[in-house]
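Take a look at the structure below.
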Amino acid sequence: MEKIDILSLTLEELEAELVRMGEQKFRAAQIYKWLHEKKIQDFSKMTNISAQIKSKIEDKFWINSIKIQKRLVSDIDNTVKYLYRLSDGEMVETVLMEYKHGNSICISSQVGCKMQCEFCASTKAGYVRNLLPSEMLLQIYESERDSGRKINHVVLMGIGEPLDNFDNVVKFLRLAEEKPDLSLRHISLSTCGLVERIYQLAELKLGITLSVSLHAPTDEVRSRIMPINRRYNIAELMKACKYYFETTGRRISYEFALIDGVNDDKETADALIALLKGQNCHVNLIPVNAIKDGVFSRSKSVESFKNMLCSGGINATVRRTLGADINAACGQLRRDEQY
C-alpha cells in the first residue's frame with residue numbers, strides 16, 4: 001500500500017484518516033501541531049503520542065522533506081535565494097525577501113513550466129511535474145527554519161504556472177488557511193492567464209490577490225511573447241478578471257514586464273490605459289531580467305512608462321528590485337545547476 005503524504009492533508013482530512021484507523025479524532029490535532037507548528041520531520045519526535053499509535057501512523061503516512069541544494073544571500077538587501085532539492089531529486093527555487101511590512105516569500109508551484117513565455121527563465125529548462133501541496137508548504141517551513149525569519153506574505157510567482165497545478169495549489173491554500181499566523185489575504189497568486197481556472201478560483205472566494213501576467217495590451221504583441229494568448233485572447237482574459245473582481249471583491253494586480261523596444265513606448269502605454277480604464281486594478285511594472293540565451297533586454301523607459309500610466313488614471317508602481325546581485329528572479333539558478 002502506498003503511504004499517504006501526511007503534510008498534504010488538511011486537519012479535517014487527517015481526522016478522517018485517523019478515525020478510519022480506529023483512533024480517536026482528537027489525536028489529529030496533536031499530530032497536526034507537531035507537523036505544522038513544531039515542524040518535526042520524524043514521527044518519533046511526537047512525545048505525547050504513544051509508541052503504538054506512532055507505529056500505526058508510520059505504517060500509513062510519510063513526512064515529506066526538502067533540502068537546501070544552494071543558498072545565495074544578497075549583500076545589498078538581505079534577499080535569500082534558495083535552490084531546494086525535492087525528495088525525488090528534482091529542484092525548485094524559492095526567494096525570501098525583506099520589506100518594511102515584514103518578510104515575503106516567493107514560492108514555486110511546479111518543477112519547470114509549460115507556458116513558454118519568451119522572457120522567462122523558468123520555462124527554458126522544460127516542465128517535469130507538479131509540486132505537491134506539502135512541497136509548496138515546505139518551501140515556507142524550510143526558509144523560516146534556515147533564516148530564522150517569520151514569513152508574513154506568500155507569493156506563488158516562482159517556477160511554474162500555479163493555475164496549471166490547480167488542485168494541488170488550492171489544497172496548499174487550504175493548508176495555509178489553517179495556519180493562525182498567515183492570512184490568505186496576504187497570499188498572491190500569479191497566472192499567465194488560464195481563463196477557465198480564473199473562473200474556478202473566483203468561485204472558491206478564498207480572498208487571495210490575483211496577479212495576472214499581462215505584459216502587452218494587444219493580442220499581436222502578447223501572442224508573440226506569451227503563447228497562452230493564442231489560446232485565451234486578451235478580451236477573454238479581461239472578462240475573466242472582471243468576473244474575479246465582481247465575485248471576490250479583490251482588486252486585480254496586473255504584472256507588466258517592460259522589454260526594451262517591445263512594449264515600453266507611448267503607443268503601448270496608451271493602449272494599456274484604454275484597456276484598463278475603469279477597472280479597479282493596479283499595474284506592477286517589472287524591468288525584465290536578462291536571461292541566458294534570451295533575446296530581450298531591460299527597458300530604459302521604466303519611469304517614463306509609469307508616469308504615462310499614472311497620468312492616464314492608472315494606478316501603477318515599479319516593482320522594487322531585490323537580490324540583484326544574486327539573480328533573484330526565479331528559474332535561473334535551477335537551470336544553471338542542471339546545465
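Throughout, read-outs are computed from the coordinates displayed, never taken from laboratory work. What you see is a predicted model; the values in this text were computed from it and never measured. All Cβ positions, even for glycine, are placed from backbone atoms using ideal geometry, and neighbour counts span all protein chains on display.
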Quick one: check the C-alpha center-to-center distance for region 168-190 versus region 42-119, whole angstrom.
-> 15
Helix-only [θ]222 nm of the chain, DSSP H runs n ≥ 4, -39500 (n - 2.57) each, per residue, nearest 500 = -10500 deg cm²/dmol
On a 0 to 90 degree scale, rounded to 10, what angle separates helix 27-36 from the longest Cα axis of the chain?
-> 50
Measure nothing but the geometry: give the 0 to 90° angle between the long axis through the Cα atoms of 195-204 and the longest principal axis through the Cα atoms of the chain, rounded to 10°.
-> 50
Give the shape of region 4-62 as rounded, prolate or oblate, defined through the alpha-carbon gyration tensor: a ≥ b ≥ c are the square roots of its eigenvalues, a/c under 1.5 means rounded, and otherwise the shape is prolate if a/b is larger than b/c and oblate if not.
-> rounded
Tell me the label-point distance for the pair residue 230, residue 58, using the 7 Å Cα-to-Cβ offset, in nm and rounded to one decimal.
-> 5.4
Using packing as a proxy for protection, rank 18-28, 105-115 so that the peptide with the highest average count of other Cβ atoms within 10 Å comes first.
-> 105-115, 18-28
Have a look at 249, 89, 193 and tell me which one the Gaussian network model of the chain (Cα, springs below 10 Å) gives the largest fluctuation.
-> 89
Enumerate the calculated ³J(HN,Hα) couplings along region 81-89 in order (Karplus 6.51 cos²θ - 1.76 cosθ + 1.60, θ = phi - 60°), each rounded to whole Hz, writing x wherever the residue is Gly or Pro.
-> 10, 10, 10, 9, 9, 7, 5, 9, x
GNM, the chain, Cα, under 10 Å: largest mean-square fluctuation among 76, 66, 252?
-> 76
Hey, what angle do you get for helix 11-20 against the long axis of the chain, alpha-carbon based, 0 to 90 degrees rounded to 10?
-> 30
Selection from 47, 34, 18 lying farthest towards where the dipole of region 4-62 points positive, charges on Cβ = 47
Based on other C-beta atoms within 10 Å, arrange 90, 2 from fewest to most.
-> 2, 90
Cβ-placed point charges (K, R +1; D, E -1), dipole of the chain about Cα centre in debye, nearest 20 | 440
Relative to the Cα centre, what is the charge dipole magnitude of region 79-155, using +1 at the beta carbon of each Lys and Arg, -1 at the beta carbon of each Asp and Glu, and rounding to the nearest 20 debye?
-> 140
Using θ = phi - 60° and the Karplus curve 6.51 cos²θ - 1.76 cosθ + 1.60, what whole-Hz ³J(HN,Hα) does each residue of region 210-215 get, with Gly and Pro shown as x?
-> 9, 10, 9, 6, 8, 6
J(HN,Hα) series, region 311-322, from Karplus relation 6.51 cos²θ - 1.76 cosθ + 1.60, nearest Hz, glycine and proline x | 5, x, x, 9, 6, 9, 9, 9, 4, 5, 7, 10
Kindly put 5, 164, 181 in sequence by how many other C-beta atoms sit within 10 Å of each C-beta, fewest to most.
-> 181, 5, 164
